[in-house]
1. Taking R0 as 22 Å, what FRET efficiency do you get between ALA15 and ALA57 from their Cβ-Cβ distance, rounded to the nearest 0.05?
2. Could you give the length gained on full extension between THR97 and GLN69, defined as 0.36 nm per residue of separation minus the Cα-Cα distance, in nm?
3. Sticking with the crude label model, points 7 Å out along Cα→Cβ, report the distance from GLU37 to ALA22 in nm, one decimal please.
4. Quick check: pseudo-label points 7 Å beyond the Cα along Cα→Cβ at THR106 and GLN119, how many nm apart are they?
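Read-outs: derived from the displayed coordinates by stated rules, not from any lab. Everything quoted here is computed from the prediction, not taken from an experiment. Glycine gets a Cβ as well: all are built from the backbone with ideal geometry, and neighbour counts include every protein chain shown.
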Amino acid sequence: MRQTHSCTDSASISAKLNQIKAFYETLSPSSLDQISELYGPEARFKDPFQSVQGLPAIRAVFEHMFAIQPHSRFVVDGITQTAHPLTVPAQSCLRWTYWLVLRGKTVSIQGCTWLCLDQQGYIVDHRDYWDAAEELYEKLPALSWLMRWLRRKIAPG
């Protein structure tokens, strides 16, 4: 059930960000029902592979993630909040490490998520930033040689 409280002061924004952190660090297929407690109904989600809008589409992104990486998990390494907590929408950055298994080996991806929260504290815009080439493609045997070759060709000297 959606709460209708105001999230316009620093303390309430910090509390909401801690709730978001806890959600991501305990994310599992069974916790996906909690998405509507965090995201606005028409929220946007974008990462290097997709751009979707609305709760059903955002949930589908995570369902797909667990379908291909059932034992993956996030660790939130830090949260940066906007200097002006009364800015609407409130904006924050979560630095994270995503742990997954590739070819039987545990690997990590480093990235960050830029979040915009509305006045009630619901996420209205979620944008993930991470280097797919360095953090993923170079860890895949079939593509790693190509990525190294491209880096050598592009790098100066």
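1. Details: r = 27 Å, r/R0 = 1.23.
Calculated value: 0.25.
2. Numbers: separation 28, 0.36 × 28 = 10.08 nm, distance 1.47 nm.
Once the chain is fully extended between THR97 and GLN69, it gains 8.6 nm.
3. 0.8 nm
4. In this crude label model, THR106 to GLN119 measures out at 4.5 nm.
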